[in-house]
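*Asks:* Please read through the structure below; I'll follow up with questions.
The values are calculated or read from the model by the stated rules, or taken from the named source; none is laboratory data. Remember, it's a predicted structure, so these values are computed and weren't measured experimentally. Methodologically, a virtual Cβ is constructed for each residue, glycine included, from the backbone with ideal geometry; neighbour enumeration extends over all protein chains shown. Protein only, heavy atoms only, side chains kept; ligands, DNA and RNA dropped before computing areas. Shrake-Rupley method; radii C 1.70, N 1.55, O 1.52, S 1.80 Å.
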Amino acid sequence: MFSKALLAASALVGYTLAQSCPEASRFGGVTYSPNPIVLGQEVTFTGNFACAIELGYAPVFTDYFLEVPESNNTGFQPPVYIARRGPPPSGGIDTFTYTFDPEYSPFTTNPDAQYVIVVQTTHAEGSTLVTGSTSSGASIVQASD
Ligand SMILES: *[C@@H]1O[C@H](CO)[C@@H](O)[C@H](O)[C@H]1NC(C)=O
């Protein structure tokens, strides 16, 4: 009797978790600190893949980029590769640090550029690797500001 109740309760928890994960969260999300990012100062990135795992898109690896969206891009602002990370720890939260080089010429040439942080998430469907990505706006200030 007791174990049946426990099973029912855990099934309910699983259901509730799935319900709180919108389909759009299947490739994870990323936040960073401090905000805004200061070039030349260490930034802590936190990838959240709890919903990706919950929805069956458990990452095999993840890639992070700093990008200038096409609408604001001079054509000479390629994505900056921040990191490739392995599978996130159980719980789905992956934290790491990165410091942008303030001397990188597109930063100095286009000090007012608009940026997004992109996390590209790769998961396995059988023997096939499939990727998807999410992006969020990022504010950057020059080291000298
Ligand atoms: C990008 O946006 C910034 C800030 O609005 C602006 O100063 C800059 O000229 C834009 N660059 C391009 C290529 O659109």
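*Asks:* Which count do you get for residues in the range 51-75 that are in contact with a strand residue (DSSP E or B) (Cβ under 7 Å, 6 or more places away or on another chain) and away from the ligand (no atom under 16 Å from the Cβ)? Let's see the steps before the verdict.
*Replies:* Applying the first criterion (in contact with a strand residue (DSSP E or B) (Cβ under 7 Å, 6 or more places away or on another chain)) to the range 51-75 yields 52, 57-69.
Next, from what is left, pick out any that are away from the ligand (no atom under 16 Å from the Cβ): 52, 57-65.
Qualifying residue count for the region: 10.
*Asks:* Right, next: Of everything in the range 111-134, what is open to solvent by 30 Å² or more (accessible area, probe 1.4 Å), within 16 Å of the ligand (Cβ to nearest atom) and out of contact with any Pro (no Cβ under 7 Å at 6 or more places or on another chain)? Give them in sequence order.
*Replies:* Across the range 111-134, the qualifying residues are PRO111, ASP112.
*Asks:* Could I ask something else about it? What's the number of the only condition in (1) surrounded by 12 or more Cβ atoms within 10 Å (Cβ to Cβ); (2) closer than 28 Å to SER20 by Cα that THR108 fails to meet?
*Replies:* (2)
*Asks:* Restricting attention to the range 81-95, which residues are open to solvent by less than 50 Å² (accessible area, probe 1.4 Å) and either within 14 Å of the ligand (Cβ to nearest atom) or of a type outside the set (A, V, I, L, M) (or both)? Write out each step before concluding.
*Replies:* Step one: list which residues in the range 81-95 are open to solvent by less than 50 Å² (accessible area, probe 1.4 Å), which gives 82-83, 86, 88, 92, 94.
Selection gives GLY86, PRO88, GLY92, ASP94.
*Asks:* While we're looking at this one, here's another question. Answer with yes or no whether SER144 is under 23 Å from SER25 (Cβ atoms) and part of a loop (DSSP other than H, G, I, E, B). Quick ask: steps written out before the conclusion?
*Replies:* On the way: under 23 Å from SER25 (Cβ atoms): no; part of a loop (DSSP other than H, G, I, E, B): yes.
Criteria not met by SER144.
*Asks:* Criterion first (within 12 Å of the chain's Cα centre (by Cα), farther than 20 Å from VAL38 by Cβ and not basic (Lys, Arg)) does GLY126 satisfy it?
*Replies:* Working: within 12 Å of the chain's Cα centre (by Cα): no; farther than 20 Å from VAL38 by Cβ: yes; not basic (Lys, Arg): yes.
Criteria not met by GLY126.
*Asks:* Restricting to the range 32-75, name every residue that is without any contact (Cβ under 8 Å) to a residue 40 or more places away in the chain, among the hydroxyl-bearing types (Ser, Thr, Tyr) and either buried (at least 19 other Cβ atoms within 10 Å of the Cβ) or assigned to a strand (DSSP E or B) (or both).
*Replies:* SER33
*Asks:* Another question about this same structure. Given the residues PRO102, PRO78, which is the only one that is part of a loop (DSSP other than H, G, I, E, B) and either touching a strand residue (DSSP E or B) at 6+ places or on another chain (Cβ under 6 Å) or away from the ligand (no atom under 16 Å from the Cβ) (or both)?
*Replies:* Details: PRO78 fails: either touching a strand residue (DSSP E or B) at 6+ places or on another chain (Cβ under 6 Å) or away from the ligand (no atom under 16 Å from the Cβ) (or both).
The unique qualifying residue is PRO102.
*Asks:* Among the candidates GLY126, GLY14, GLY40, which residue alone is more than 24 Å from SER144 (Cβ to Cβ), modelled with pLDDT of 95 or more and not acidic (Asp, Glu)? Outline the logic, then answer.
*Replies:* Values: GLY14 fails: modelled with pLDDT of 95 or more; GLY40 fails: more than 24 Å from SER144 (Cβ to Cβ).
Answer to the check: GLY126.
*Asks:* Turning to a different aspect of this structure: Going by the structure shown, is ASP101 of a type in the set (Asp, Glu) and within 22 Å of PRO22 (Cα to Cα)?
*Replies:* Values: of a type in the set (Asp, Glu): yes; within 22 Å of PRO22 (Cα to Cα): no.
The answer is no for ASP101.
*Asks:* How about the range 16-31: which of its residues are hydrophobic (A, V, I, L, M, F, W, C) and either surrounded by 20 or more Cβ atoms within 10 Å (Cβ to Cβ) or assigned to a loop (DSSP other than H, G, I, E, B) (or both)? Lay out the reasoning, then the answer.
*Replies:* The first filter runs over the range 16-31 and keeps only residues hydrophobic (A, V, I, L, M, F, W, C), leaving 17-18, 21, 24, 27, 30.
Residues satisfying the conditions are CYS21, PHE27, VAL30.
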